[in-house]
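Peer 1: Before I ask anything, here is the structure I am working with.
The values are calculated or read from the model by the stated rules, or taken from the named source; none is laboratory data. Remember, predicted model here, so these are calculated numbers, not experimental data. Here the Cβ positions follow ideal geometry from the backbone for every residue, glycine too, while neighbour counts run over all protein chains shown.
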Amino acid sequence: MEELGLLMQGFAVALEPQNMLLMLVGVVLGVLIGVLPGLGGANGIAILLPLTFAMPPVSAIIMLSCIYWGALFGGAITSILFNIPGEPWSVATTFDGYPMAQQGRAAEALTAAFTSSFVGAFVAIVMITFVAPVIAGFALRFGPPEFFAVMFLSFASFVGMSRGPALKTLMAMMLGFLLAAVGMDTVTGQLRMTFGSTEMIRGFDFLVAVIGLFGISEILCSIEDGLRFKGQRAKIDLKVVLRVWKTLPRHWFLAARSALIGCWMGITPAGATPASFMSYGVARRMAKDPSSFGKGRIEGVIAPETAAHAAGTSALLPMLTLGVPGSPTAAVLLGGLIMWGLQPGPMLFVEQKEFVWGLIASMYLGNIAGLIVVLVAVPWFAAILRVPFSIIAALILVVCAIGAFTVSNAEFDITLMLVFGVVGYVLKKLDYPLAPLVLALVLGDRTEEAFRQSLLISQGSLGVFFSNWLVSTIMALGIALLLWPALSWARGLLAGGVLRRPRPA
Amino acid sequence: MTLHGSSRRTLLLGLGGGALASVLATPALAQRAWEPTRPVQFIVPAGTGGGADQMARVIQGIVAKHGLMKQPMVVVNKAGGAGAEGFLEAKGARGNPHMVVITLSNLFTTPLATGVPFTWQDLTPVAMLALDEFILWVNAESPWKTVADFTVAARTERLKLGGTGSKQEDQIIGVALAKAMGGNLTYVPFRGGGEVSVQLVGKHIDATVNNPIEAVTHWRSGALRPLCVFDSQRLAGTEKMTETAAWSDIPTARESGLDVEYLMLRGIFMAPGVKPEQVAFYEGLMARVRETPEWRELMQQGAFNTTSMTGEAFRAWLTKEESRHRTLMQEAGFLA
């Protein structure tokens, strides 16, 4: 129970008036950062980091981690309202969140998203508080083969996701892999498919592609449909929050499973983005009527949001205990730690108790502050949809352009975003699913890398993916999920055959 | 918009901090002929969280905290193509005095390995800030206590050496090391130094050549063991880092019978075609950064080689180092 005592001391530090104020400022800034696509938590924290060098380390990390929480919450807002993921891990939230907004249930989707974010993060914080050292050791078991197995599992749990024809799904996914391969190849140190262009050296950033494929193409579609948002006449007031809350306890199992997936992916450290996809995929797979997903199911919002935030929060754990950032934002925070004279890694928990527990206490308080801020603002966010389309569309375009530019400060990315917008529009018209493309684009690179690292280690033997219980279990799980559609199809065929037999025409 | 707003805030803070550090800054201010008139872009040709990025952010923090410059410094990561993106941007910004680049060894290795058209001569050298050391690390639970043990093992079995990137400094050292030992090392590339050292702690690889700062915390927690440092002399730090050992207790590669030496440049460059007084401003700025306690703290934590150079000496060093990299990479078969 030493932890509890230390945590209480941490709360005492975090509850100092000055730190409370910083917390609030951090959350509000974070929400703004999260809303702007492309700016993102990592960039936001990087920009604001120098501000904090004059503060004591505890205050600084409290403010920065609150920006992080705010950004985590904020990412869901544009995904739901405009189909534009503010953060990579919000992509899966658009699948059901945006249809809900179109049906006039924006406030409901937002409330569900924020609440599940909070639940996910909270579960992860409790875990960090009590089992940090044990869990941190688990992360050490993850070498390249284990990492590949996790990625394989993400893909496997996502197969059969989209309603499109199998061939189109496959083609979209291959296109995603192709785009992911452009740029520097980490394993050989060679440039691939850049065709001598200096702009292509960077490769295709996932966010630029997603802003174009989802956001810009959606605007193009809306223009075609008659210059207005669907669902703009939704009734919006604060009561909707309470109404949604009444229905949420029903989904406790879904939330628990998603939080578990999230914590696991955050620690490994695979990060929040695969966690959100995997959780969505599993939720859809386990549902009684998978076909209703993607048409505005509240479960389709709860699953990815819970997992993303559990992962985002637990990603701080490997950073603190091992010095390995579980997310880009954590990487920037890592730089901050060093500037404040703290060496992240196994010794931090031993030598800097006050700092570590102040941070953990601020996680609790920052999350609560964040939840209150965003929930109060739900009606305002939802009211954005009442602004005439001709005004808001122009604003969205500007925000998207800024977002695409900010990702790597490159003007070329704005052009690229527009090209992706047109590509997205064409693919939608031809009924190609976008989700597999995005999944392959975001995870393709790391998956390929892990695969080739594993083979380097094993000298080309595929046996490395079944060389110990951990990697074998994950791979077996992945293969089972991969074969599931085939199995259930076969079962359906059998059952169909049985049914048909009694009544031959 | 957001960038602008926060820049202004940084500026205000910088001025506030300036009062504290006015003793340090005022005399220099009076003599200075040229000063930045816009925010200065600080390009990092590597990803967030790596050694170059950390150093850039520490410099940015020091400049803001001590008010060393009226304009704010904005760190921008341009990691694409093993840093080629950042270097090409600086190369293309001829005459722009509001841009500085921090370099690592990829200044030499990236153009040689990928054929992307740039060399250090396309940029304006400002100052060498420090040299980063490389140490041969193994897991503390491994049976290898000395370089000799490790050499014997490398001759009889195939060992896995993890490192950052491909055809970059870690792999160059790996090739030289294998050659010197007459043994086998399979190089496994990862994305960043922190990831590499954790892979070693988890025993997924057998050894690394991490920089001190990337592995120090695992050394102190007793998970890793240093075998030798790839420098001509031992490290300077005599303070005990673990119960028994200080940085200076680690033998050099040469002492252990291996003729391998490698140091990595941490230096500052500007765009080509800038005026001498503009170069002089940044030279002075970096000199003052190096005097701050925060900088000394970083140097000590990371066991850096604190050699510093400017002007002609720096140019001569760069010329020599470039041809050395060409030879090393040719021997390893890494040239594009």
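Peer 1: With respect to B:A93, is the statement that it is farther than 18 Å from A:V407 by Cα and either touching a Cys at 6+ places or on another chain (Cβ under 7 Å) or at pLDDT 90 or above (or both) true?
Peer 2: Taking the combined requirement at face value, the residue satisfies it.
Peer 1: Has segment B:245-259 got any residue that is within 19 Å of the chain's Cα centre (by Cα), in a helix (DSSP H, G or I) and either among the β-branched types (V, I, T) or crowded, with 16+ Cβ neighbours inside 10 Å (or both)?
Peer 2: Within segment B:245-259 (the criterion being within 19 Å of the chain's Cα centre (by Cα), in a helix (DSSP H, G or I) and either among the β-branched types (V, I, T) or crowded, with 16+ Cβ neighbours inside 10 Å (or both)), the answer is yes, since at least one residue qualifies.
Peer 1: Could we say that B:L224 is in contact with a His (Cβ under 8 Å, 6 or more places away or on another chain), touching a residue at least 24 places away in the same chain (Cβ under 8 Å) and on the phi < 0 side of the Ramachandran plot here?
Peer 2: Yes, satisfied.
Peer 1: Another one. If I filter segment A:403-415 for residues that are touching a Pro at 6+ places or on another chain (Cβ under 7 Å) and within 14 Å of another protein chain (Cβ to nearest Cβ), do I get at least one hit?
Peer 2: Scanning segment A:403-415 turns up at least one residue that is touching a Pro at 6+ places or on another chain (Cβ under 7 Å) and within 14 Å of another protein chain (Cβ to nearest Cβ).
Peer 1: Let me ask another. I'd like to check something: does segment B:249-262 contain any residue that is of a type outside the set (A, V, I, L, M) and closer than 28 Å to A:F349 by Cβ?
Peer 2: Yes, because at least one residue in segment B:249-262 is of a type outside the set (A, V, I, L, M) and closer than 28 Å to A:F349 by Cβ.
Peer 1: Moving to a separate point now. Can you tell which of B:Q60, B:Q54 is in the same structural domain as B:H325 (by TED's automatic domain parsing), under 18 Å from the mean Cα position of the chain (by Cα), assigned to a helix (DSSP H, G or I) and without any contact (Cβ under 8 Å) to a residue 40 or more places away in the chain?
Peer 2: Result: B:Q60 is the single residue among B:Q60, B:Q54 that is in the same structural domain as B:H325 (by TED's automatic domain parsing), under 18 Å from the mean Cα position of the chain (by Cα), assigned to a helix (DSSP H, G or I) and without any contact (Cβ under 8 Å) to a residue 40 or more places away in the chain.
Peer 1: Going by the structure shown, is A:F158 within 30 Å of A:D431 (Cα to Cα) and of a type outside the set (S, T, N, Q)?
Peer 2: The answer is yes for A:F158.
Peer 1: Further, regarding this structure: Could you please find all residues in segment B:70-85 being assigned to a loop (DSSP other than H, G, I, E, B), out of contact with any strand residue (DSSP E or B) (no Cβ under 6 Å at 6 or more places or on another chain) and within 7 Å of another protein chain (Cβ to nearest Cβ)?
Peer 2: Selection gives B:G80 alone.
Peer 1: Taking segment B:286-298, which residues are of a type in the set (A, V, I, L, M, F, W, C) and within 12 Å of chain A (Cβ to nearest Cβ)?
Peer 2: B:W295, B:L298
Peer 1: Within segment B:209-244, track down each residue that is in a loop (DSSP other than H, G, I, E, B) and not polar (S, T, N, Q).
Peer 2: Result: B:V209, B:G222, B:A223, B:F230, B:D231, B:R234, B:L235, B:A236, B:G237, B:E239, B:M241, B:E243.
Peer 1: Here's another thing I want to ask about it. Is it the case that segment B:228-244 has a residue that's among the acidic types (D, E), within 14 Å of chain A (Cβ to nearest Cβ), surrounded by fewer than 23 Cβ atoms within 10 Å (Cβ to Cβ) and within 30 Å of A:F148 (Cβ to Cβ)?
Peer 2: Checked segment B:228-244: no residue is among the acidic types (D, E), within 14 Å of chain A (Cβ to nearest Cβ), surrounded by fewer than 23 Cβ atoms within 10 Å (Cβ to Cβ) and within 30 Å of A:F148 (Cβ to Cβ).
Peer 1: Please go through segment A:391-402 and pick out each residue that is away from every other protein chain (no Cβ under 14 Å) and more than 21 Å from A:A92 (Cα to Cα).
Peer 2: Matches in segment A:391-402: A:I391, A:I392, A:A393, A:A394, A:L397.
Peer 1: Let me ask another. Would segment B:301-324 turn up any residue that is closer than 16 Å to B:V58 by Cβ, hydrophobic (A, V, I, L, M, F, W, C) and either within 14 Å of chain A (Cβ to nearest Cβ) or surrounded by 18 or more Cβ atoms within 10 Å (Cβ to Cβ) (or both)?
Peer 2: yes
Peer 1: Scanning for something within 14 Å of chain A (Cβ to nearest Cβ), in contact (Cβ under 8 Å) with a residue 40 or more places away in the chain, of a type outside the set (V, I, T) and at positive phi, does segment B:262-280 turn up at least one residue?
Peer 2: Within segment B:262-280 (the criterion being within 14 Å of chain A (Cβ to nearest Cβ), in contact (Cβ under 8 Å) with a residue 40 or more places away in the chain, of a type outside the set (V, I, T) and at positive phi), the answer is no, since none of the residues qualifies.
Peer 1: Let me ask you something else. Does B:K167 satisfy the condition of being part of a loop (DSSP other than H, G, I, E, B), within 14 Å of chain A (Cβ to nearest Cβ) and farther than 30 Å from A:G137 by Cα?
Peer 2: Criteria met by B:K167.
Peer 1: Sticking with this structure for a sec: Can you name the condition, by its number, that A:A383 falls short on among (1) away from chain B (no Cβ under 14 Å); (2) of a type in the set (A, V, I, L, M, F, W, C); (3) crowded, with 18+ Cβ neighbours inside 10 Å?
Peer 2: (3)
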